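Scroll down for the structure; my scribbles are underneath it.
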Amino acid sequence: MGETPPLLHVVLAECLERYEHEGEAAIERACAAHPELAEDIRRRAAALLELGLLVEGAPAGDEALPRQMGEFRLLRRIGGGGMGMVYLAEQPRLGRRVALKLVRPEQLFFPGARARFEREAMAAARLQHPGIVAVHAVGEQDGIPYLAMEWVRGATLAQVIQALSGRPPQQLTGADLRLAVLHELRAEEEPAEAAPEDDSLPFRGSWEEVCLRLVREAAEALDHAHRRGVVHRDIKPSNIMVTPAGRVLILDFGLAQAEGVTRLTRSGSQLGSLPYMAPEQLRGESTRVGARSDVYALGVSLYELLALDLPYLAETTGRTRELILEARPLALRARNPAVSWETETVCLAAMEADPERRYASAADFARDLGNVLERRPIAARRPGLLRRARRWTQRRPAAAVALGMGLAATVVVPTLLAVQQGAARAQISAQYQRAEANFDTALAAVDRMLTRVAAERLVRTPQTEGLRRAVLQDALDFYRGFLQQKGDDPRLQYETARAWRRVGDISALQGDVGAATDAYRQALALGQRWEQSAPDQPGLLEELGLTRLGLGRLLGTAGDYEAAAAELAAALEIFARLSRQHGQQPEHVFQRGRARCGLAVLQWNRGELETALDAFEGGLADLHARLAAPESDPWDRAELAEQTAKYGNMLSVAGRHEHAQQAFQSAWELLEAALDAWPEDPVLLRQRGRLARSRAGLEERRGDAAAAEASYREAIALQERVAVELPSETEVRLELSASCQGLAALLRRQRRPEEAEALLRLSLEALQRIAALAPAVVDYRRNLATALSEHAQLLGDLRRLADALEQQQESLRLFRELADEVPGHAEIRKGLGRSQRRLGYLLADAGRFDEAVDAARAALAVHESMLAELPDVPALQSECADSAEGCANLLLRWGRLDEAVPLYRRAIELRETLAAQHPERPEFASLAGHAAFNLAQLELERPEPAPETLVALAQRDLELQEQALRASPEHPVFRERARAARQLLARSLIRAGRWEEAAALAGALPEFAQQRADNCRYAAGILASCAGLASGEAAEQFGALAVALLAEAWEAGYPAAEDLPGARDLDPLRARADFQGLLEQAAATPESP
């Protein structure tokens, strides 16, 4: 027999590890994946089964193990991997417990497994270091080798990372790591070694400090092994343990799994060692694999610990290999902004693709980690610009030739500008010394070298917001110096004000409202000085208008609508005056349009819908005029696209769906035109993400859930990409959170709560960080309060009632706080009422009825008071109807029918008004019908319902549902409500003795709805009741039709054998021969055909 192919060993090893969980399916999976080896796989597996070495549903080989191995008595299994199993064992002679590792019996089936175990065990036994588990003894019993080691209780770094997964790493501290270790040990019975207090070493300090401290200890232990000729070759977080006292140990020197074994997840994505393998290991360069390969793996482990995520991991093994070989990890500080530049540099040096450029030893790595901890200079250096460029050309030679010039613009420019900033400052300083003699030259130098660089060259370059701000601050330093000497010079005032305004623009993008407001007000103070001294200078007035425009938009975001409106109105007046005085210059008209659109948004927020839409149309007309100008650029199209999308959102909310669709289409075309010119521009990609989210909202309102989900996912993908490229722009993260919330709400309505909850949890964490960083921004806290409420409802769906109540109460607290701060904010007041209503629902689920009704009535009071102030706002009318109906539902639930009736009637009144005023919005008609349906159900609860009242309500319900269905024939919710309305009316007609009309309605039910089996059965029940009320030929006709519908329902899947014998509504049919025949047939054929 020839030598067994190595691939067969790999496949069989994988089979063995999967078999204990999957049984025979593991063998069949392997055969299907490797048909050329199928015969050998089945033959070898059969041999193992015959030997009793494979046991399904239990760790393979456990049953064959003795309870005694040499002098060690096995107590219980505490771990294991693909090759070995680890047991807690007792050594009575020395009165101590050990960790006993032994080869899994089935692994002895592979050639070389025993020799490798013994060779590696002897190597590990030579190591004596506090950071390496001590080996006490090596032996063999009954042909099974074993290794007795020091028993240490703790958690691996992999367990720590898993326990903290999903939490923002920048918010963690060393105490969190300690708690994660203790959490992993909580279930064990034996007492752990004494844990330090929270504020003592080694868990003292920030997350970064504690991670560096732990990895430094691991590096020192590795260096001990390397100096004795032992290379681990499998360093990863699961092989590094931390004890509750902070001791760090390296585990499993080569013993974790048999040679060649690759552990795969069931989805096929490679886990285990691959993400930690150095490029030379992946390339099979065995002569280069050594101590520096361990350094690389420890560097990857440090990155993962700091970021709670791997630098390289893809869906497939092949793609993961490619990413490792490309050596372009996502910036560590992008994943954890709290990590210092020095730590990131040290981590990247350890992860260098070229072994010669890594730390020469683990000791060097440990030393540099200590340098960071002790605030000393580090030895590591980042690759220079030329080496980074050379790496890129090596990875993509063809692209390097094609994009040579583009590379200089998009990659080199930000780096060179950062370097050149210091040189520019030095040149300007020299000219500043001669400012008295040559003031104009010095001023021009600042403008050329600093102000214009920040405003023009860096504005569209990703990840340069901080650099832009620094450059402008340098410019401001020089301007301040000039002002001390020539404070009355209008041009100097203009340049200084312009620099302040640009600082305000950047600070606003970064979400720093305080800094942005201060900068705008500094610019405004200077602008008002020259407005008085030089009122006819168009350039000065234009700068003043831009400042007021920026400040107005910022104040609107912060919720100060009155001040925002004043600034935007002043900006509008300035640009309108410039347009009148200087012949409708395109730039002046364009900025006038921006001011008009900004005022329209404020009017919308105040509930002035028609006024807002008219103002927006005027603003869009001004923006459109700019496109005809020769100097128009793609940015103008992008601005027009953004404002057009906002207009589309307003139209969509107002129910003008067709007009909204046209607006979105126009915005999309404008944005595509801009992207043709700047295809990778992050600002344009951000707008595209916003537009995709707006489109998703419109598709939801039209009932196209699949299209809406696709649009939400497109928005999230774009916004995640932009968040990486613009890491300091808070608004990008807010938009991403909004898209996650929108998709979560859609998934919740589709009964997919687990998916929805994961999205909302991510959104909530992001919003909590944003609100904490900028507590003065009202909208940030309002978004957080809304997200808390949405998340609480999902937790309620998942039956986590205590958590749901806690989050809903926190949402309500935030809304109340905001309502006190900004009493006139319509969205805050509306959110406050909605949060109170939702709290009522959760309190009812908890059985706290009185509190639930109080909360629901409070919600209704808030919305009624708003409606009294703004009676024509559809969103408020709808919200008020929701609160009235919600309160009525709670009262009905506890049998307080008389109190519920007027509330249902109020909901019907409001919704019928909406339906009449907005026939283009069919959801209003459907909701009005649904309120009538609920009131009819209430009537049915009475001991003696009024038949004609019941019929009138049911008829109104059906009229409204059919009205909605005519407008949107394929809308699934409208179809279901219309079906329910017909059923209700048929039942009501029977109660009123109008059985002929009921029978006519019942006959139409099967053709009406999507669930044919259910509807046939329901119609049969109605017709059976009609047959019991009628007589003669009519009774015969109704009975025959009822039996025919029952047969049809059975054909469509209705469980006739279970339902027919005891169904009381079918009693009028039991004397019929055809019904008895159907009963016999169903009994003889229990399974539905």
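General observations
- Residue order, fewest to most beta carbons within 10 Å, for PHE117, PHE849: PHE849, PHE117
- Amide H contacts of ARG96 (H built 1.01 Å from N, in plane; Pro and chain starts excluded): GLN91 sit under 5 Å, all sequence-distant by 5 or more or on other chains.
- Segment THR611-GLU672, extension gain: residue separation times 0.36 nm, minus the distance between their alpha carbons: 19.0 nm
- For GluC sites (Glu not before Pro), the sites in the range 1045-1089 that DSSP calls loop and that have at most 16 other Cβ atoms within 10 Å are GLU1087.
- Relative contact order computed over the range 1003-1089 (Cα-Cα under 8 Å; 6+ residues apart), in percent: 30 percent
- Inter-probe distance in nm under a simple model that places probes 7 Å from Cα toward Cβ, at GLU851 and ARG896: 1.6 nm
- Each of TYR494, TYR647 was scored by other Cβ atoms within 10 Å of its Cβ. Arranged with the fewest first, they read TYR494, TYR647.
- Comparing SER1031, LEU1066, GLN1081 along the charge dipole axis of the range 1003-1089, the residue lying farthest to the positive side is SER1031, per the Cβ-charge model.
- For the range 1011-1041, the residues whose amide N sits under 15 Å from a probe point set 7 Å from the Cα of ALA1073 along the beta carbon direction are 1040.
- Residues GLU322 and ARG126, FRET efficiency given R0 of 45 Å [Cβ-Cβ distance, rounded to 0.05]: 0.75
- Stretching the chain fully between HIS582 and SER286 yields a gain of 99.0 nm (0.36 nm per residue, less the alpha carbon separation).
- Computed FRET value (nearest 0.05) for GLU1036 with ARG905, which takes r as the C-beta separation and R₀ as 51 Å: 0.75
- Inter-site label distance for THR1085 and ALA802 at 7 Å from Cα along Cβ, in nm: 5.3 nm
- Integer Hz, Karplus 6.51/-1.76/1.60 couplings in order for the range 878-893, x for Gly and Pro: 5, 5, 5, 5, 4, 5, 4, 5, x, 5, 4, 4, 5, 5, 5, 4
- Extending 7 Å from Cα along the Cβ direction at ARG713 and again at GLU28 yields two label points whose distance is 2.9 nm.
- Ordered by the count of other Cβ atoms within 10 Å of each Cβ, fewest first, THR343, THR730 give THR730, THR343.
- Magnitude of the charge dipole for the range 712-853, about its Cα centre and with charges confined to Cβ atoms of Lys, Arg (+1) and Asp, Glu (-1), is about 420 debye.
- For GLU140, distant residues with modelled amide H under 5 Å away: TYR146
- For the listed peptides 663-674, 793-804, a ranking on the average number of other beta carbons within 10 Å per residue, highest first, reads 663-674, 793-804.
- For ILE132, residues with placed amide H under 5 Å, excluding near neighbours: ILE250
- Average projection, convex hull of the Cα set of the range 1003-1089: 5.1 square nanometres.
Quick note: the coordinates plus some simple rules give every number you see, no bench work behind them. Just so you know, these numbers come straight off a predicted model, no measurement behind them. All Cβ positions, glycine included, derive from the backbone under ideal geometry; neighbour counts span all protein chains shown.
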